[in-house]
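The values are calculated or read from the model by the stated rules, or taken from the named source; none is laboratory data. What you see is a predicted model, and the numbers here were worked out from it, not measured in a lab. Neighbour counts are summed over all protein chains in view; Cβ atoms, including those assigned to glycine, are modelled from backbone coordinates with ideal geometry. Please note that ligands, DNA and RNA were not included when accessible areas were found on the heavy atoms of the full protein model with its side chains. Shrake-Rupley method; radii C 1.70, N 1.55, O 1.52, S 1.80 Å.
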Amino acid sequence: MTSYVALLRGVNLVGKSTLKMADLKAIAKDLGLDRPRTFIASGNLLFASSEPEEKLRRMLEKRLQAHMGKDVRVMLRTAEEIEAVVQANPFPDAPGNRVQAFFMNEPPPANLLEGVRNKEDDERVAAGTREVFVAYGERGIGRSRLRIPGAEAGTGRNMNTVAKLAELAKEVK
């Protein structure tokens, strides 16, 4: 049995695309996922399963589409992979709430940095395995105008959340 973290894209953003975490947990139970639990209301689901990642992702996306009436992208990471993201943070000197990891299903494009627009001097961007890391500097994410086309298909979590998800994922096993 493998412990997974599912990161949903585009749910519970400023009142749009609302998904109750109780509904997400019920969906996981209905799909036969073991020990499902959620963490904060931004679309984080932890569970265990012996099914392969791609099959799980497709099952979750299909059920979420039926429930919400729109496509919801799901990024999956094993407990080991989410811990590796914590360890790979290229900006450990920055506060965790100012560093975002954008999770994607594919590796970032090789020319990721070439497409970056509106970057301020104190903003930093780096590619990970299937993530893009961004340190937002003094302005923070809320006031940043930074655009990263190579990460648009992903979903972001700040490093404080990623660290907590890594901790919780170890408990799901």
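Of note:
- Test: residue in the range 104-123 that is in a strand (DSSP E or B), at pLDDT 95 or above and buried (at least 17 other Cβ atoms within 10 Å of the Cβ): no
- Looking at the range 1-83, the strands (runs of 3 or more DSSP E) lying wholly inside it that each contain 3 or more residues that are over 15 Å from the mean Cα position of the chain (by Cα) sit at 34-38.
- The test for being within 20 Å of Glu171 (Cβ to Cβ), among the hydrophobic types (A, V, I, L, M, F, W, C), at pLDDT below 95 and open to solvent by 50 Å² or more (accessible area, probe 1.4 Å) does not hold for Met21.
- Residues that are closer than 21 Å to Gly43 by Cβ and either in a strand (DSSP E or B) or open to solvent by less than 20 Å² (accessible area, probe 1.4 Å) (or both), drawn from the range 84-95: Val85
Quick grid of which residues meet (1) among the acidic types (Asp, Glu); (2) within 22 Å of Gly156 (Cβ to Cβ); (3) open to solvent by 20 Å² or more (accessible area, probe 1.4 Å):
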{"site": "Asp30", "(1), (2), (3)": "yes, no, yes"}
{"site": "Ser42", "(1), (2), (3)": "no, yes, yes"}
{"site": "Ser50", "(1), (2), (3)": "no, no, yes"}
{"site": "Glu61", "(1), (2), (3)": "yes, yes, yes"}
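- Residue check, Pro90 in contact with a Gly (Cβ under 6 Å, 6 or more places away or on another chain), without any contact (Cβ under 8 Å) to a residue 60 or more places away in the chain and not aliphatic (A, V, I, L, M): no
- Every listed requirement among (1) at pLDDT 95 or above; (2) loosely packed, with under 15 Cβ neighbours inside 10 Å; (3) over 26 Å from Ser17 (Cβ atoms) is met by Asn160 save one, (3).
- Thr78 falls short on exactly one of the conditions (1) surrounded by 18 or more Cβ atoms within 10 Å (Cβ to Cβ); (2) within 28 Å of Leu56 (Cα to Cα), and that condition is (1).
- Pairs with Cβ under 7 Å, 6+ apart, first in the range 47-63 and in contact (Cβ under 8 Å) with a residue 40 or more places away in the chain, second assigned to a helix (DSSP H, G or I) and not charged (D, E, K, R): Phe47/Ala28; Phe47/Val172; Ala48/Val172; Ser49/Leu56
- When Ala135, Ala127, Ala151, Ala169 are screened for being open to solvent by less than 20 Å² (accessible area, probe 1.4 Å), modelled with pLDDT of 95 or more and either under 17 Å from Pro108 (Cα atoms) or of a type in the set (Ser, Thr, Tyr) (or both), only Ala135 passes.
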